[in-house]
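Before any comments, here is the structure.
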Amino acid sequence: MALLGALALLFLLGNLGMQKGASSLPTNVSTIVMLTEVLWASGSSVWLGAGHLSARLLLGAAMILGSATLAALE
């Protein structure tokens with residue numbers, strides 16, 4: 001139970017650190033970081049065997065990359 005509490009505390013501190021860091025970045029940069037977070041989560045899910053590649057997942061990834069590219073161009 002102590003391990004679970006320690007992991008929850010580490011997760012909370014990491015999340016607070018990410019929010020603090022994102023608030024100090026320009027909006028277009030933090031948008032790209034948050035968009036690519038979804039790609040990393042999906043990719044690691046497939047890599048670890050918990051998910052599978054599908055046309056829907058690849059289309060979503062393409063849309064996220066496209067929107068991140070548009071945000072970077074502004």
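List of remarks:
- Residue-wise HN-Hα coupling along region 35-40, computed from phi with Karplus coefficients 6.51, -1.76, 1.60 (Hz; x: Gly, Pro): 5, 6, 4, 5, 5, 5
- 3J(HN,Hα) from dihedral phi, region 4-17, Karplus parametrisation 6.51/-1.76/1.60, rounded to Hz, x for glycine, proline: 4, x, 5, 5, 5, 5, 4, 4, 5, 5, x, 5, 5, x
- Relative contact order [Cα under 8 Å, 6+ residues apart], the chain, whole percent: 36 percent
- For LEU53 and VAL33, a Förster radius of 25 Å and the Cβ-Cβ distance give a FRET efficiency of 0.55, rounded to the nearest 0.05.
- Stokes-Einstein diffusion of the chain at 4 °C, 1.567 mPa s viscosity, Kirkwood radius from Cα pairs, rounded to a whole number: 90 µm²/s.
- Each residue of region 42-51 was assigned a 3J(HN,Hα) from its phi angle through the Karplus expression (A = 6.51, B = -1.76, C = 1.60, θ = phi - 60°), giving 5, x, 5, 5, 5, 5, 7, x, 8, x Hz with x at Gly and Pro.
- Set of region 30-57 residues, backbone N closer than 15 Å to the point 7 Å along the Cα-Cβ line of GLU74: 30-35
Each value in this text was obtained by applying a stated rule to the coordinates, not by laboratory testing. In this text, all values refer to a predicted model and were calculated from it rather than measured experimentally. Because the Cβ atoms are built from the backbone with ideal geometry, glycine has one as well, and the counts that use them run over all protein chains shown.
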